[in-house]
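Asks: Okay, here's the structure, questions in a sec.
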Amino acid sequence: MTTTARLALALGCALAAAPALAHVTLDQSSMPADSYLRVALRVPHGCEGAATTGIRVQIPDGFRNVKPMPVAGWTLTTVTADDAKPAEGHGASAPVKEVSWQGGSLPDNFYQEFILRLQTPKEPGEFFFPVVQDCEGGKVSRWIERAASGAPEPRYPAYRVRVVPKN
Amino acid sequence: MRRLRSLLLLLGLLLAPLSGAWAHAQLVESAPADGARLDAAPPALRLSFDEAVTLLELRLTGPAGAVALAGPPESRGADIRATLPRDLPPGTYFASFRIISADGHPVGGGLVFGVGTVPDRAAAPVTMAAGWTLAAEALRFLLYLGFAIGAGGALFRALVAEPPPGLAHGLAATAWLGTLATLASIGVQGGGMLGAPSFLALLEGATWATATRSTVFARALVVAAGLAVVALSWRARGRGGAWAGAAGALLAALGLSLSGHAAIGGGLPRGLLVAHALTAGFWLGAFLPLLALLRQQGGGAAGAVRRFAAIAMPAVALLLGTGAGQAALHLPDVPALWTTLYGRLVLAKAAGAVLLMILAAWNHWRLTPRLGRDNGPHALRRSIHAEGLVGLAVLGVTAVLSMSSPHAGAHQHGHHHHAAAPGVAVATEAGGLSLLLEADPARAGTNRLVLHLARGDGTPLAAPEVWLEFSLDEAGISGIRRRMAAQDPGRFVLEGPELALPGRWTLRAEILVNDFEQVTAPLTLPVAP
């Protein structure tokens, strides 16, 4: 094998193994069941060049004790399972279904992470974290397309997480 | 040389994660713009992306198929420029591209523009389109006749009395007539979808194959199977034959609900249609057997007449109820009853039904008690004759009603049963939603697309956003995205030149159900030349 071929192979592997950095994603695609984790929501760009002004993420069923980390300059709100009542106090209250950071301004060429602490479901399985990215000028990118595994990657995929048995 | 290349690759590997904004490249501007209509052919095509891109493929498709570019496209950073051949003929052009953005993701997209005035090719064959519509309506009438007399007669046999043997042959023949008319309607549907220039197209296999893509196909097969069972059941004597005939009638009624608006609404409209068809068949199908029994047995038929009347009363109530229910489901508002063709036909049907009820009441309360007297059977027979004629008229109105559509003229807006011709309707289900897409005229050129969107339970879904992505693989066209305009709840419209070429288009519907949920469904739409 020539050096070129070896390098090309390495490049191919690097590209194939790299997470889909072009999208709004989480920093881990595989999580142990029934565990407390810190998860980062990565926002690598705006919507078609426009600065990001809001991030909303829907928490899939089964994830519990969600606590989002506030970000300076952004208004943090949560929506709980029993309607649109904001969650307060200890994590044992009504489960958080949606977390929203609004009112900031993240230019297209900057990068930001939004942090959640959560407890993973008791049972292993496959879950999606759909995210709505609001941007300046009323632009919206909805990272909500749930593709079956093996299907071609959609334009705006929802991030897929595999919860695996706890060791 | 090899070392240099290795070095470059290594450099690329190191720099790759640092460069760019990690975004899929987006097309931010183009000249001509997507959807533009130009007076003269443009000298070049220019695409501008929001970041540097590598062009993989750029294809231009025009009214006569693929268009060769005047030279290889020039790529400069985020811009791509392709020189176009001089004097492009007037028509609609598609540019489809595939690029690789900084993160290595291939991205496809496309745009449409028009040059000059596009001849309205849809206008020419209108006379023949009307011919296909008329043929479809005539066959629909024969189908209803076969259903009412054949399947209705079978229901009479199962629920009221055995008709005289002489009549059984006629009833079986009518059921066969309905079977044949239903099968023939498949070819007529295909001819209408293709916009074939003459009825000779019925001799070509492609015409029939085209119809298999329409919802009409499944309905025709099931209805024909049901009516064939009805026709065969007359050969079996006794209760077994009677119940086989009733089962065939039920199958045919279920088949009727497989196309049209009842088909996308879910359980409720389908159930209404099946009940409506069965009760109408029972009522109309009883005329001939009752007449034959009266002629043969005179006053001796009084038992059968009373048994019929006992079932007919609740059956007619159900018939009217299901008819009103369907009208309420399909008409957008009350004024549509007189402002649309569909509404007027509903009123005509209701008037016919009222006339039938008056005759039936006359029969029941005045003539049936007099059956024992000398001229009793004769008077009742005359009245049933009149009922039969009104019933035929109602069937004729129904055949037009179930095919009425915006093509008929008086129709302004709102719901209508989709047409078999000249438009095309395709249906699918995805993510618990049912979609019915109507294309008018479904011929190459400007088209009006109407998408009806309903939840599983049949209620219309007022989705916040609906997009269609057009592609035609055989012509290399892909990535044309258009947003549909919401009209009434659950009804989305798009009118434009996107379907400029004939062929099997794939329309990918993207339906935003709520902030976090999107349903996508591919629809295949045949577009005629």
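The values are calculated or read from the model by the stated rules, or taken from the named source; none is laboratory data. Keep in mind that this is a model prediction, so the values were computed, not measured. Methodologically, a virtual Cβ is constructed for each residue, glycine included, from the backbone with ideal geometry; neighbour enumeration extends over all protein chains shown. Ligands, DNA and RNA are excluded from the accessible area calculation, which covers all protein heavy atoms including side chains. Shrake-Rupley method; radii C 1.70, N 1.55, O 1.52, S 1.80 Å.
Asks: Report whether or not residue B:504 is within 20 Å of the chain's Cα centre (by Cα), within 21 Å of residue B:430 (Cα to Cα) and away from chain A (no Cβ under 14 Å). If you could, list the steps in order and put the result at the bottom.
Replies: On the way: within 20 Å of the chain's Cα centre (by Cα): yes; within 21 Å of residue B:430 (Cα to Cα): yes; away from chain A (no Cβ under 14 Å): yes.
So residue B:504 fits the description; yes.
Asks: Sticking with this structure for a sec: Scan (1) closer than 19 Å to residue B:425 by Cβ; (2) within 14 Å of chain A (Cβ to nearest Cβ) for the single condition residue B:513 breaks and write down its number.
Replies: (1)
Asks: Something else now. Sort through B:491, B:448, B:504, B:508 and tell me the only one that's over 29 Å from residue B:196 (Cα atoms) and in contact (Cβ under 8 Å) with a residue 12 or more places away in the chain. So that I can check it myself, show each step before the final result.
Replies: Working: B:448 fails: over 29 Å from residue B:196 (Cα atoms); B:504 fails: over 29 Å from residue B:196 (Cα atoms); B:508 fails: over 29 Å from residue B:196 (Cα atoms).
Unique residue meeting the criteria: B:491.
Asks: Out of B:482, B:455, I need the residue that is in contact with a Gly (Cβ under 9 Å, 6 or more places away or on another chain), under 21 Å from residue B:26 (Cα atoms), open to solvent by 20 Å² or more (accessible area, probe 1.4 Å) and of a type in the set (D, E, K, R). Which one?
Replies: Working: B:455 fails: under 21 Å from residue B:26 (Cα atoms).
It is B:482.
Asks: What are the residues in the range B:54-81 that are in a loop (DSSP other than H, G, I, E, B) and exposed (fewer than 14 other Cβ atoms within 10 Å of the Cβ), if any? If you could, list the steps in order and put the result at the bottom.
Replies: Going residue by residue through the range B:54-81, those that are in a loop (DSSP other than H, G, I, E, B) are B:63-64, B:68-73, B:77-78.
Correct list: B:64, B:68, B:70, B:71, B:72, B:77.
Asks: Among the residues of the range A:133-152, which ones are of a type in the set (Val, Ile, Thr) and surrounded by 20 or more Cβ atoms within 10 Å (Cβ to Cβ)? So that I can check it myself, show each step before the final result.
Replies: Here is the first cut: in the range A:133-152, the ones of a type in the set (Val, Ile, Thr) are A:140, A:144.
The one that is of a type in the set (Val, Ile, Thr) and surrounded by 20 or more Cβ atoms within 10 Å (Cβ to Cβ): A:144.
Asks: Turning to a different aspect of this structure: Please count how many residues of the range A:95-109 are more than 25 Å from residue A:32 (Cβ to Cβ) and either at pLDDT below 90 or aliphatic (A, V, I, L, M) (or both).
Replies: Initially, the range A:95-109 is screened for residues more than 25 Å from residue A:32 (Cβ to Cβ), giving A:100-109.
Subset that is either at pLDDT below 90 or aliphatic (A, V, I, L, M) (or both): A:106, A:108-109.
Final tally of qualifying residues: 3.
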